[in-house]
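Remarks on the structure that follows.
A short reminder: the numbers here are calculations on the coordinates, not readings from a lab. Note that the structure is a prediction, hence the values are computed from the model and not measured. Ideal geometry is used to build each Cβ from the backbone, glycine not excepted, and the neighbour counts take in all protein chains shown.
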Amino acid sequence: GQNIDQPTEMTATEGAIVQINCTYQTSGFNGLFWYQQHAGEAPTFLSYNVLDGLEEKGRFSSFLSRSKGYSYLLLKELQMKDSASYLCAVRRLTGGGNKLTFGTGTQLKVEL
Amino acid sequence: EAGVAQSPRYKIIEKRQSVAFWCNPISGHATLYWYQQILGQGPKLLIQFQNNGVVDDSQLPKDRFSAERLKGVDSTLKIQPAKLEDSAVYLCASNRGLSSYNSPLHFGNGTRLTVT
């Protein structure tokens with residue numbers, strides 16, 4: 001089986017930094033993805049980690065610790081448009097190939 | 001490149017009726033996925049195709065849901081008969097293939113289904 005946990009909601013201030021955590025339990029771990037989803041829209045890809053450490057991409061960074069089953073998404077210099085749901089998704093290798101499972105998402109609200 | 005195309009965008013039906021959704025993935029993408037996203041939850045995989053073969057349909061309610069990808073390109077998902085709990089957004093996604101190291105999923109805009 002697989003278990004992915006994220007906080008349901010977070011609130012942060014424009015210009016600040018926010019960290020969204022994701023913990024997971026899975027067998028056959030083969031990578032972790034972060035997606036952003038604005039209300040009424042499709043998820044869009046943000047970042048990918050398969051090895052331990054930090055991946056930086058502009059204002060967004062993602063960290064992975066495989067031994068702890070833990071990842072976080074770091075958003076810097078928050079903007080109002082960053083208000084969205086952030087989905088953590090874990091990929092695992094099964095007999096049928098790679099399978100991607102999503103967490104329930106963290107709803108981020110950016111306030112003035 | 002053109003994105004994943006889905007239609008219709010919205011659909012309202014009564015329970016026990018049938019409905020079909022269509023998806024055309026990004027050109028050249030071998031793997032196609034159908035996800036169900038209930039309001040306030042993350043997407044849940046219903047079925048995964050590699051070309052025209054089914055890789056995973058373990059969470060597809062096969063008594064009422066069916067999907068096909070006959071020529072390995074576009075795909076249809078059908079629900080017959082629909083239940084109230086099927087109200088959700090149905091997302092189609094594609095990527096280059098199972099062996100692609102970090103190929104992310106590209107999602108279509110989804111079909112919002114309301115069952116009354």
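The table that follows gives values for the structure above.
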read-out: Exposure proxy ranking, count of Cβ atoms within 10 Å, fewest first, for B:SER7, A:SER47; value: B:SER7, A:SER47
read-out: DSSP beta bridges in the protein assembly as shown [antiparallel fraction, %, rounded to 5]; value: 90
read-out: Contact order normalised by residue count of chain B, Cα under 8 Å, 6+ apart, percent; value: 37
read-out: DSSP beta bridges in chain B [antiparallel fraction, %, rounded to 5]; value: 90
read-out: Förster radius 30 Å - calculated FRET efficiency between A:MET80 and A:THR23 (Cβ-Cβ, nearest 0.05); value: 0.60
read-out: For the range A:13-76, convex hull of alpha carbons as volume per residue, Å³; value: 105
read-out: Mean separation of Cα contacts under 8 Å, 6 or more apart, over the residue count of the range A:1-53: relative contact order %; value: 30
read-out: Mean Cβ neighbour count within 10 Å, used as a protection proxy, ranking B:23-31, B:65-73 highest first; value: B:23-31, B:65-73
read-out: Per DSSP, loop trypsin sites (Lys or Arg not before Pro) in the range A:1-84 with at most 11 further Cβ within 10 Å; value: A:LYS68
read-out: Spin-label model distance (nm) - A:ARG92 vs A:GLU111, 7 Å beyond Cα toward Cβ; value: 3.8
read-out: Over 20 Å between alpha carbons, listed pairs B:LYS11/B:LYS78; A:LYS57/A:LYS99; A:LYS57/B:LYS44; B:LYS15/B:LYS44; A:LYS99/B:LYS15; value: A:LYS57/A:LYS99; A:LYS57/B:LYS44; B:LYS15/B:LYS44; A:LYS99/B:LYS15
read-out: Averaged over A:100-106, number of beta-carbon atoms from partner chains that fall within 10 Å; value: 5
read-out: Global geometry of chain A, whether rounded, prolate or oblate, following the gyration tensor of its Cα atoms and the 1.5 cut on a/c; value: prolate
read-out: Chain B - convex hull of the alpha-carbon atoms, volume per residue in Å³; value: 98
read-out: Estimated distance in nm for a label pair at B:VAL73 and B:ILE38, the labels positioned 7 Å out from Cα along Cα-to-Cβ; value: 3.6
